[in-house]
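Okay, so here's the structure we're looking at.
Readers should treat all values here as calculations from the given coordinates under stated rules, not as data from a laboratory. As the structure is a computational prediction, the values presented were derived from the model and not from experiment. Neighbour counts are summed over all protein chains in view; Cβ atoms, including those assigned to glycine, are modelled from backbone coordinates with ideal geometry.
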Amino acid sequence: MPAETTRTSWTVGRYLVARLEEVGVRHVFGVPGDYVLGFMDEIVESRMELVGTCNELNAGYAADAYARLNGIGAVCVTYAVGGFSLLNAIAGAYAERVPVIAICGGPNQSDRERRRLLHHTLGDYDVQVEVFGHVTEMSSVLDDADDAPDRIDEAISRALRARRPVFLELPADIAVRPCRAPQAFDWAVPPETDEDALAEAVEEAVRMLCAAERPVILGGVEVHRFGLRAQLEALMDRVEIPVATALMGKSVVAETHPRYIGLYSGALSEGYVRETVESADCVLSLGAWMSDINLGIYTARIDPGVMVHATAERVQIKHHSFDRVPLGRFLEALLVALPKGQGGPREIRPASRILDHAWTPAPDTPITIARFYGRMNSFLRDDHVVLADAGDSFMCAGDVVMHEQVGFLCQAFYCSIGFTLPGALGAGLADRDRRPVVFIGDGAFQMTAQELSTLIRQRLSPVIFLMNNRGYTVERVIHDGPYNDIQDWDYAALPAVFGGAETAVVETEADLEAALARAIAAPDALFFVEVRLDPMDSSESLKRLGQEIARQRDYD
Ligand SMILES: Cc1ncc(C[n+]2csc(CCOP(=O)(O)OP(=O)(O)O)c2C)c(N)n1
Ligand SMILES: [Mg+2]
């Protein structure tokens, strides 16, 4: 229960603030507007910090990345003009199962009831809450102060349970209305479980894994979302089964683990990983989503007849499924039931073998995608958190080995470009002891570039690699046209405009070495590196992805 429960006067605004603090929100991202100023005063007076961003979309992206690391995040905006600008970020959080509490100040309830034509309203006051209803676990107008505490508790607990965003519209007059004090609330309600189905699913999975000669484990994004990393690593220590991850599940285990073999993404994967996964006689998939880009766009060839596919709420084995079997319970039960050493002895080629080779730069050679990301293997450190934007950035960064606790954030299902720059703001504030390392394309950067100013204002110290290939190369490899060209900004001049930061321009391997040395020497500085690439230099994975999408869409 919050410390302030002894307070004698409670208002709905204060109640909401207290509950956010209680569930671990320390920063609320947002942009003010007249309908939300009163509630923002409550945030300012709380233990939380209100972090102003340049626009609401960026606030939403920041809250999303914050929640991915912190377990929950929050964003606060004004009515409609703020809300609809935020919508895309909340849709992304919904698609990728990230618990973000979105709060939107609104006109007074008395005005709402009289349908007065106030600024920002659309004539119809219900449009916003209804639209958000499609992209949240719960969307509600807190239109009654007596009922608001229960509604707030329900929204926050549903966000936590489902790992999805919720939307709360808070009319300005309701925010200051008195309400009851917070009472003890159990946020950690365990997910509903069918114990018989769990026992049966575990028994069948263990039988299949024990009978298999070439089993493999595929780690996925839900291991991140439901905080099951320790359990998966314990399983890796117990059995001798190689583990691959899908792109969104990257870094769910320490990639230096001897049984971690690399990223599996269908035909886009490295040969050994593809062969190991696709020739397996049992694939234990833990929380991986079978979406197109996550699993190598239509090219993953895993026989459903060898699959044990566990996701947040159910386990599918071959062609039948067990409902109400939560991933965490299933994983914990497997850990007990699987015999030690199962799967071995077996030769496993760890992904980390790549780190055995010392890196030798070719100083005068122009920098290429392959050499740049190859070099990143020895640049990344334990206290980094990597953010890779949609585009060649996440295709390439997926193959870089993440040491021990290095986090990896990417939006590989929803794929909204520009996510990672505001994302670095959220990640940096979620954990100031970890340095965000951002890989972002020039096209993506142009979407959310202003947030550099907030990163500088917050004195955060990300290393930002702006991968400048002069346009939308992802789209070029699918189908080229003049729409894929963009204006070539003087990127390295921007940090000075926004308040000042360390900058470097990389054209050769020698430039890259010099830039990395400076970034390492200044761990507390924001370091902005423009990497100038040939417009048609792209990873092999991206080329194959482009061909595959072009084929699906019937482009020539
Ligand atoms: C918000 C949004 N708008 C448009 C797209 C479609 N789109 C996908 S990738 C891409 C181009 C990305 O360009 P860039 O960031 O320069 O990366 P590159 O492809 O050059 O690696 C676009 C426009 C998208 N995914 N998200
Ligand atoms: Mg580009």
Go from 0 up to the bin containing the longest alpha carbon distance in the chain, width 20 Å each, and give me the % of pairs per bin. 21, 51, 26, 1
Segment 316-433: percent of C-alpha pairs farther apart than 21 Å? 61 percent
Give me the extension gain from Arg457 to His257: residue separation times 0.36 nm, minus the current Cα-Cα distance, reported in nm with one decimal. 68.2 nm
Could you quote the convex hull projected area for segment 190-239, Cα atoms only and averaged over all directions, in nm²? 4.3 nm²
Hey, could you pull the Cα Rg and Dmax for segment 55-149, both in Å? 13.6, 43
For segment 494-515 and segment 248-303, what is the separation of their C-alpha centers, rounded to whole Å? 35 Å
Extension reserve of the Gln446-Thr365 stretch, reckoned as 0.36 nm per residue once the Cα distance is removed: 26.4 nm
Give or take rounding to whole Å, what are the principal axis extents of the alpha carbon atoms in segment 265-335, in descending order? 34, 22, 21
Taking every pair of distinct Cα atoms and averaging 1/r, then inverting, what Kirkwood hydrodynamic radius in Å comes out for segment 387-456? 12.3 Å
Which loop trypsin sites (Lys or Arg not before Pro) in segment 379-444, with loop taken from DSSP, have no more than 12 other Cβ atoms within 10 angstrom of their Cβ? Arg432
Cα centroid of segment 33-60 to Cα centroid of segment 72-138, whole Å: 15 Å
Inter-label distance for Asp150 and Ala510, nm, one decimal - labels placed 7 Å from Cα along Cα-to-Cβ: 7.3 nm
Over segment 439-523, equivalent-ellipsoid semi-axes from the Cα gyration tensor in Å: 25, 17, 10
Looking at segment 445-486, which trypsin sites (Lys or Arg not before Pro) are DSSP coil and have at most 13 other C-beta atoms within 10 Å of their C-beta? Arg459
Stokes-Einstein diffusion coefficient of segment 331-377, Kirkwood radius over Cα pairs, 4 °C, 1.567 mPa s, in µm²/s: 88 µm²/s
Please work out how much length the chain gains when fully extended from Phe185 to Tyr272, using 0.36 nm per residue of separation minus the C-alpha to C-alpha distance, in nm with one decimal. 26.4 nm
If Rh is defined by the Kirkwood formula over all Cα pairs and Rg also comes from Cα, what ratio Rg/Rh do you get for segment 1-111? 0.97
Inter-site label distance for Cys210 and Ala517 at 7 Å from Cα along Cβ, in nm: 5.9 nm
Return P(r) of segment 414-556 (all Cα-Cα pairs; 10 Å bins starting at 0; whole %; ordered from short to long distances). 11, 39, 32, 15, 3
Please quote Rg/Rh for segment 86-206 to two decimal places, taking the Kirkwood radius as Rh and restricting both calculations to Cα atoms. 1.11
So what is the 222 nm mean residue ellipticity for the chain from helices alone, if each DSSP H run of at least 4 adds -39500 (n - 2.57) and you divide by all residues, rounding to the nearest 500 deg cm²/dmol? -11000 deg cm²/dmol
